[in-house]
Structure formats: C-alpha cells, structure tokens
There are 2 protein chains.
Amino acid sequence: MKIKPNIEDKKLTKKLVGLNEELKKKRIDVIEEKPLTLFLNDQEIVTMMTINDYPEYLAIGYLLNQNMITLKTKIVSIDYDDELSLIVVRTVNKTDYQKKLKKKILTSGCAQGTLFGDIMESFNKIKFNHKLKLKKSWIYELSKKINLTPSLYLKAGAIHGCVLCERNKPIIYMEDVGRHNAIDKIAGYMMMNKILPENKIFYTTGRLTSEMVIKAVKMRIPIVISRSGFTAWGVELARQADLTLIGRAKGKKFFVLSGDSRIEDDS
Amino acid sequence: MKIKPNIEDKKLTKKLVGLNEELKKKRIDVIEEKPLTLFLNDQEIVTMMTINDYPEYLAIGYLLNQNMITLKTKIVSIDYDDELSLIVVRTVNKTDYQKKLKKKILTSGCAQGTLFGDIMESFNKIKFNHKLKLKKSWIYELSKKINLTPSLYLKAGAIHGCVLCERNKPIIYMEDVGRHNAIDKIAGYMMMNKILPENKIFYTTGRLTSEMVIKAVKMRIPIVISRSGFTAWGVELARQADLTLIGRAKGKKFFVLSGDSRIEDDS
C-alpha cells in the first residue's frame, strides 16, 4: 500500500476520559475533525470538516469532483496555512464560480454533501468500456486486506474509508470523517500523481448513493465495491454509465446491481 | 410509537434484480432517494436528497435547524408539489437569506451537511438544566425497542434512523437517506405538534459529529444516544452545552463522554 491510515499521527485522534457501561472512568480514542477553508484563486469556495491529514489532496480532489477544475487545469500553486486552516489553490486561467455556487444540490451522502447541477449534465457522456475484469476472489481478498489493515476506524471509530485498488491489491487507503473527503483525497492524489483510473477498483465503507456513483464515474473508475447498501438512484446512474456496482460485500456475501458482465467467476 | 417507519409504503423502496455472491439472479429491496427543492417565500434555499415521506416536516425542520425560522415564526402556508418535487414555506415576516446562503460550512455529517456560521454564535447561549434523569436501563430498553422495530433499514439498508424518545419509550421514529434529514423531520414534527424537548431523549444510528450535537442543542434535547462513535469536536460542544452524550451503545455496552451526572445507575 502506498498510502495507508496513519494511526500513529497524534493530531488525528484525541484521548478523552468518560464513563463506560459500568459507569467507571475510562480513556478512549476519539477522532479529530477540523474546519478547512478552501480558496480557488481569489474566491472562497467552501469550509469542510476533515481530519486534515492530506489538505492538498483534499483541496484538489474537491475542486475536481465539483467540476471547478479539470485534469487539464494548470495548477500554479497550492498553499496550505496550518494556523489559519486555509488552503489556497491557484490556477493559470481564472474563472468566476459565483454563479455556480448558487446552484448547489445537497445530497444524501456523508460529508461535503454538495454537487453542482451541471455534474449531472456531463454525466451522460461517460460510458465505460468492457475490457476490465474483476475476479470474484478479488472481492473477498480486497475486503479482507482492507478490514485487517490497522486504521483510524479500528482505533477510534466514527470515520469512513475509501480505497483505490488494482486487481486484488489496495494501493491508496484514505479515511476521513466524511466519506466524500476520503474519495476526494483519492481523486486529488490521482491527479497529482498521474494515476490512471481505467484499471482501478474503488472500495468504500459508505453507502452507494447517487453522489458516490457520480463521483466514481467522474473519476472514471469502472468498478465500485462497498460493504454498505444501495440507493435506487445510485443503481440507476451506475447502470446508465455501465459502472460495476457491488454492495453489501461482507464475509462471503455480496450483491451486484450493475455491470455484472465484468465479474469473472474463479471460485 | 406515534410515527414509525412505514415499510409498506411502495414509494420508499424499489425491487431491483441483480446477482448474489453465487452469481445467481435475485431480487432485493433498495431505498429510493429523490430530490426535493425547498423555497422559503420567494427564495430558493436548497435541493435535498430524501426518501420524501414527510416533506412538510423536513422543510420546517431544515429551516429551523438552519436558523432560517424560529419556533416563534408565523407560518402562513406549506405547499408541497409532488410532480415538481417542490415545497414552498411561506411566513408572515420576510427576510433575505441571500447573504447567509453565501456563508456555508460543509460539515462531516451525512446528508445535508451544511450549517450556517451564525449557528455557532448562538450556541454558547444554550445550557441545559440538570433536572432530567436517564436510567441506565432505559439506554438498553430504547436500543432494543428501536432495533426490533420493523424499519426501512432492516428491509433495504442504506438508511439512517433518528428517534425521539421519552423515558424508555420511542415516540417518533424517522428514517432517511441522510441522518440530517431524519433529525430535521423530527424537528419539524416537534414544531408543528408543539412537542416540548426538555424531557426528551434523542436516539440516532449515526455518528456523534459536531453537526449532530449542534442540532440536538439547537432543538434543546438534553440527552443524545448513538450506536455509533464520537468526534472530538462533537464531544467538546456537548461538554460546553452540558448535553449528555452517549455513544457506542450496542448490546450491553455504551460510553458517556459528556453530561454523565444525568445518568442514574438502576442496574
């Protein structure tokens, strides 16, 4: 794994004293969430709540997944100010997002929970090709490897995980208080490290709502696996884009509701 | 229970055909999510993704929890248009929220995920009194009753639940694709039915983030129980307001990180 949860980082969790079920004092680990305000050039875009382990990836991934920059956008600088909890992304060409910011859709997903209306407009143009295969055994192997990796979730709970995988190997494992931060951090990492999406598999602990499917399609990752369930609209969008959508992946169980032709039975 | 999940309502779930882990065709129930656009007087406020079972409660609760109306606001009408997925709340006195809408904080919670900056400013004024007691046995009884109630969660998954309780009795059980819709629907129900919050307990399946704590405090409900975990900022806010915050309530386990003086050991 190139990136995995950094459970030793003392800034990400806090020890708090409380009472357990026997009303005895005990110390537990609790996850930290902090506000991070994002500027694109001169424009304040949003304040996000995040564990703030990768502010640069989060900023770039957020802007990408909100259609505010594209993979072709030339980034001049990314300046992060820890004290002010500010991150400023500067681009060569400037655009005014004031109008776009007015038309927000609050969605059912965790975290950022907003998408611009025009994402839906560009959605129909994307269709995945069929070359990529997913072996059934990979579903089990990926779930097992991810669940056994020491994580902030296992340490403190109250956090979502998203993992970029290739074949049966988890590569980039990101966690955050909102799963949309986790997926945005992966998108930012992929852009900044020029990672190709076409042969990747995306694993998430969160639900497969419309927003998660839209983000995966925007990132051009053709296969999505979740241990959680589906929403009907998420499935509909996945079927439109011919994305492989696998939910309820727990133990030896899973359920495919879209793109099942990519699955190879090697059991 | 005055309101419980309506698992018979055919508009809330959809039967979809997919493949199970044996790659055999099977039909499963999947939750529906729909956009609902909210207007306050002439102003478009937001488009939410919701299961849309109680658009009126959701609209009122959203406006309340975003500080756009108060319990004293005189509502003239609430018009819901099913075909256009529109709901319009009209008030006697009109205000311009254009400025406020510019300053949004996207938070780590599920669903709506937005709070206005000024909610934090009003937060410090609220402090709960100590009269209300919570018997330890109620924590177990509430969890058990809620978990055993037939729900959309048990039927289709991918949904959050919030329950307003009194003593050991669940009263209003709301579910939604975003848990913030579920809590907002409860807030709307409470305002429209003049339910007093001071002696109530709030149960949620979701995590105890800053946003959930802020909403509970705003709704003046002094005790919050969750089967999920905490974030450090959620705990800090709960301690400031002297809210009783109980997380990780599963089986015979739970953990109190704020306001433990309200708990009575009757075991």
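The values are calculated or read from the model by the stated rules, or taken from the named source; none is laboratory data. Remember, predicted model here, so these are calculated numbers, not experimental data. Note that we place each Cβ from the backbone using ideal geometry, even for glycine, and neighbour counts take in every protein chain shown.
Just for segment A:220-237: of the residues that are of a type in the set (A, V, I, L, M, F, W, C) and at pLDDT 95 or above, which one is surrounded by the most Cβ atoms within 10 Å (Cβ to Cβ)?
Applying the first criterion (of a type in the set (A, V, I, L, M, F, W, C)) to segment A:220-237 yields A:221, A:223-225, A:230, A:232-233, A:235, A:237.
With the extra rule that they be at pLDDT 95 or above, the set shrinks to A:221, A:223-225, A:230, A:232, A:235.
Working: A:I221: 25, A:I223: 24, A:V224: 24, A:I225: 24, A:F230: 31, A:A232: 23, A:V235: 22.
Result: A:F230.
Filter segment B:29-41 for residues that are in a strand (DSSP E or B) and of a type outside the set (V, I, T); which is nearest to B:A158 (Cα to Cα)? Quick ask: steps written out before the conclusion?
Taking segment B:29-41 and keeping what is in a strand (DSSP E or B), we get B:29-31, B:34-40.
With the extra rule that they be of a type outside the set (V, I, T), the set shrinks to B:29, B:34-36, B:38-40.
On the way: B:D29: 11, B:K34: 14, B:P35: 17, B:L36: 19, B:L38: 24, B:F39: 27, B:L40: 30 Å.
If we take residues in segment B:29-41 being in a strand (DSSP E or B) and of a type outside the set (V, I, T), then B:D29 is nearest to B:A158 (Cα to Cα).
Among the residues of segment B:58-72, write down those that are of a type in the set (A, V, I, L, M) and touching a residue at least 60 places away in the same chain (Cβ under 8 Å).
Within segment B:58-72, the subset of a type in the set (A, V, I, L, M) is B:58-60, B:63-64, B:68-69, B:71.
If the condition is that a residue be of a type in the set (A, V, I, L, M) and touching a residue at least 60 places away in the same chain (Cβ under 8 Å), then B:L58, B:A59, B:I60, B:L64, B:L71 are the ones that fit.
Quick grid of which residues meet (1) surrounded by 14 or more Cβ atoms within 10 Å (Cβ to Cβ); (2) at the interface with another protein chain (Cβ under 10 Å from one of its Cβ atoms); (3) of a type in the set (A, V, I, L, M):
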site	(1), (2), (3)
B:K11	no, no, no
B:K14	yes, yes, no
B:D29	yes, yes, no
B:L38	yes, yes, yes
B:D53	yes, no, no
B:L63	yes, no, yes
B:K74	no, no, no
B:L84	no, no, yes
Residues of segment A:61-75 that turn out to be closer than 13 Å to A:I45 by Cβ, of a type in the set (S, T, N, Q) and in a loop (DSSP other than H, G, I, E, B), as a count
2
Within segment B:151-173, residues being within 14 Å of chain A (Cβ to nearest Cβ) and not in a loop (DSSP other than H, G, I, E, B) number 7
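So in segment A:182-215, with the set limited to residues that are of a type in the set (G, A, S) and modelled with pLDDT of 95 or more, which one is farthest from the chain's Cα centre (by Cα)?
Just the residues of segment A:182-215 that are of a type in the set (G, A, S), to begin with: A:182, A:187-188, A:206, A:210.
Still in the list and also modelled with pLDDT of 95 or more: A:182, A:187-188.
Numbers: A:A182: 4, A:A187: 7, A:G188: 10 Å.
Among residues in segment A:182-215 that are of a type in the set (G, A, S) and modelled with pLDDT of 95 or more, the one farthest from the chain's Cα centre (by Cα) is A:G188.
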With the condition kept exactly as written, say whether any residue in segment B:127-150 is without any contact (Cβ under 8 Å) to a residue 12 or more places away in the chain, assigned to a helix (DSSP H, G or I) and among the basic types (K, R).
yes
Cross-chain or 6+ apart pairs with Cβ under 9 Å, segment A:4-28 first and not assigned by TED's automatic domain parsing to the domain that holds A:N147 and assigned to a strand (DSSP E or B), then surrounded by 12 or more Cβ atoms within 10 Å (Cβ to Cβ) and polar (S, T, N, Q)
A:G18/B:S258; A:K26/A:N20; A:I28/A:N20
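For residues that are hydroxyl-bearing (S, T, Y) and at the interface with another protein chain (Cβ under 8 Å from one of its Cβ atoms), tally how many sit in segment B:217-236.
Taking segment B:217-236 and keeping what is hydroxyl-bearing (S, T, Y), we get B:226, B:228, B:231.
Next cut, at the interface with another protein chain (Cβ under 8 Å from one of its Cβ atoms) only: B:228, B:231.
Number of matching residues: 2.
So, of the residues in segment A:239-257 that are among the aliphatic types (A, V, I, L, M) and at pLDDT 95 or above, which turns out to be farthest from B:E33 (Cα to Cα)?
Our first condition is that a residue be among the aliphatic types (A, V, I, L, M); within segment A:239-257, this holds for A:241, A:243, A:245-246, A:249, A:256-257.
So of that shortlist, the ones also at pLDDT 95 or above come out as A:243, A:245-246, A:249, A:256-257.
Values: A:L243: 19, A:L245: 17, A:I246: 18, A:A249: 21, A:V256: 19, A:L257: 16 Å.
Among those that are among the aliphatic types (A, V, I, L, M) and at pLDDT 95 or above, it is A:A249.
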Among the residues of segment A:42-57, are any farther than 21 Å from A:T13 by Cβ, assigned to a loop (DSSP other than H, G, I, E, B), without any contact (Cβ under 8 Å) to a residue 24 or more places away in the chain and polar (S, T, N, Q)?
no
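What residue, of B:K185, B:K194, is charged (D, E, K, R), crowded, with 22+ Cβ neighbours inside 10 Å and more than 12 Å from every other protein chain (Cβ to nearest Cβ)? So that I can check it myself, show each step before the final result.
On the way: B:K194 fails: crowded, with 22+ Cβ neighbours inside 10 Å.
Being charged (D, E, K, R), crowded, with 22+ Cβ neighbours inside 10 Å and more than 12 Å from every other protein chain (Cβ to nearest Cβ) holds for just one of B:K185, B:K194, which is B:K185.
Against the definition (within 14 Å of another protein chain (Cβ to nearest Cβ) and either under 16 Å from the mean Cα position of the chain (by Cα) or buried (at least 23 other Cβ atoms within 10 Å of the Cβ) (or both)), how does A:R179 come out, yes or no? Steps first, please.
Values: within 14 Å of another protein chain (Cβ to nearest Cβ): yes; either under 16 Å from the mean Cα position of the chain (by Cα) or buried (at least 23 other Cβ atoms within 10 Å of the Cβ) (or both): yes.
So A:R179 fits the description; yes.
Residue by residue, here is whether (1) under 23 Å from B:F230 (Cβ atoms); (2) surrounded by fewer than 19 Cβ atoms within 10 Å (Cβ to Cβ) holds:
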site: A:T149; (1), (2): yes, yes
site: A:L154; (1), (2): yes, yes
site: A:R167; (1), (2): no, yes
site: A:P170; (1), (2): no, no
Could you give every pair whose Cβ atoms fall below 7 Å, whose first residue belongs to segment B:243-267 and is more than 10 Å from every other protein chain (Cβ to nearest Cβ), and whose second residue is surrounded by fewer than 13 Cβ atoms within 10 Å (Cβ to Cβ) and of a type outside the set (D, E), counting only separations of at least 6 or pairs across chains?
B:S261/B:H130; B:R262/B:H130
Counting only residues that are more than 9 Å from every other protein chain (Cβ to nearest Cβ) and farther than 21 Å from A:E141 by Cβ, segment A:199-216 contains a total of 4
